[in-house]
Amino acid sequence: MSAFRDLRHYIDHITGTLGKDEVLRIDGADRDLDIGGITELMAEKEGPALMFDNIPGFPAGYRVFTNFMGTAARTAVALGLPPETGKLDIVREWKDLSKRLEPIPPVEVATGPVLENVLVGDDVDLGIFPAPQWHDGDGGRYIGTACMVITRDPDSGWVNVGTYRACVQGRDRLSLWMLGNRHAKAIAEKYWQRGLNCPIAVVVGQDPILSTAAAIAAPSGMSEYDLAGGLRGQGVEVLYAPGSDLPVPAYAEIVIEGELPPVEEESVLEG
Ligand SMILES: Cc1cc2nc3c(=O)[nH]c(=O)nc-3n(C[C@H](O)[C@H](O)[C@H](O)COP(=O)(O)O)c2cc1C
């Protein structure tokens with residue numbers, strides 16, 4: 001079991017248990033291609049996690065954290081296993097864990113650090129964040145890579161969490177790329193059939209158990225929040241986001257709330 005309350009707690013934990021070199025701080029890397037290129041190199045080398053700060057054009061503290069589970073040791077620690085667990089044993093443990101996992105529903109809290117800075121209406125500007133162009137030839141800058149996209153089924157109330165890439169398209173515009181069988185797409189279609197936009201929240205910067213759970217293809221009707229709770233051994237602390245009323249992790253770094261209009265009404269090229 002691993003019980004990191006948030007990404008900061010995980011970072012403290014890996015530097016505390018695996019050594020301070022486990023996270024390499026890099027100042028001055030450009031968000032266009034530098035961050036992506038350095039991350040790719042370090043991922044290939046099974047190098048440290050990377051904390052980019054002082055990104056040109058952005059204030060200090062507007063950071064990008066990458067390669068967070070880029071080694072067997074970091075993956076093991078993220079999943080609550082001993083750091084020395086080998087790669088094959090991690091796979092064995094994961095298979096075993098998925099068979100005996102008992103889902104635990106999230107715990108609602110009234111407030112949390114994610115509400116420390118809230119921007120609404122004309123004040124919204126996604127351009128304040130150093131979203132990188134990760135690769136040469138990418139069709140834009142992606143703020144959401146290992147993100148969590150939250151939607152709620154309008155009939156049953158089931159809350160789905162999935163990872164779908166999110167590209168910044170303007171001050172208050174984000175595009176999401178979802179393959180045809182993705183649950184958020186099926187949920188959005190229910191709203192669209194009723195002539196409504198689909199409320200949506202995109203979470204950027206959460207602990208690695210939430211990132212892992214978001215990418216699990218849980219059956220329709222089962223919330224990945226409950227799986228994350230089972231993996232943690234305690235319910236994820238969530239609060240109801242003020243704009244969308246969707247449950248979001250109280251300790252997330254960034255939550256972007258909005259609405260997903262029908263594809264025929266608004267869609268953009270990305271990729
Ligand atoms: C890092 C990462 C990025 C992903 N990006 C996408 C994506 O852009 N679009 C997509 O449809 N699936 C993507 N996936 C896969 C989905 O997150 C995964 O299939 C998940 O189960 C979907 O959730 P759902 O079953 O609730 O729809 C990604 C997975 C990971 C781990």
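The values are calculated or read from the model by the stated rules, or taken from the named source; none is laboratory data. What you are looking at is a predicted structure, and each value in this text was computed from that prediction instead of being measured. So basically every Cβ, Gly included, is an ideal-geometry build from the backbone, and we count neighbours across all protein chains shown. Surface accessibility is based on the protein's heavy atoms, side chains included, excluding ligands, DNA and RNA. Shrake-Rupley method; radii C 1.70, N 1.55, O 1.52, S 1.80 Å.
Side notes on the structure shown:
- Portion, in percent, of the accessible area of the chain that falls on carbon or sulfur, probe 1.4 Å: 52
- Max mean-square fluctuation residue, GNM over the chain, Cα-Cα springs under 10 Å, options Pro48, Pro247, Pro154: Pro154
- Estimated distance in nm for a label pair at Ser267 and Asp245, the labels positioned 7 Å out from Cα along Cα-to-Cβ: 2.9
- Glu270 contributes about 50 Å² of solvent-accessible surface, heavy atoms of the protein only, 1.4 Å probe.
- A Förster distance of 51 Å, applied to the separation of the beta-carbon atoms of Val120 and Arg92, puts the FRET efficiency at 0.60.
- With contacts taken as Cα pairs under 8 Å and at least 6 residues apart, the range 178-271 reaches a relative contact order of 35 percent.
- Relative contact order, percent, the chain [alpha-carbon distance under 8 Å, six or more residues apart]: 22
- Positive minus negative residues near Cys147 (Lys, Arg vs Asp, Glu; Cβ under 14 Å): -1
- Most mobile listed residue (Tyr225, Tyr240, Tyr164) in the chain, GNM with C-alpha springs under 10 Å: Tyr240
- Gyration tensor (alpha-carbon) shape descriptor, the range 99-160, a/c threshold 1.5: oblate
- Approximate spin-label separation Lys20-Ile128, in nm, with each point projected 7 Å along Cα-to-Cβ: 3.2
- Distant-in-sequence amide contacts of Asp32, defined by a placed amide H-H separation under 5 Å and a gap of 5 or more residues or a different chain, comprise Gln133.
- The modelled label-to-label distance between Glu189 and His9, using points 7 Å beyond Cα along the C-beta direction, is 3.8 nm.
- Expressed as a fraction of 2.2 N^0.38 Å, the value expected for a compact globular protein of N residues, the C-alpha radius of gyration of the range 7-98 is 1.18.
- Adding -39500 (n - 2.57) for every DSSP H run of four residues or longer, then dividing by how many residues the chain holds, sets the calculated 222 nm ellipticity at -7500 deg cm²/dmol.
- Note on the chain: GNM, Cα springs under 10 Å; of Asp155, Asp125, Asp21, the largest mean-square fluctuation is that of Asp155.
- For the chain, share of DSSP beta bridges that run antiparallel, in % to the nearest 5: 75
- Overall, the anisotropy analysis places the range 104-260 in the rounded class: the square-rooted eigenvalues a ≥ b ≥ c of its C-alpha gyration tensor yield a/c less than 1.5.
- Shape of the chain, Cα gyration tensor, a/c cut at 1.5: oblate
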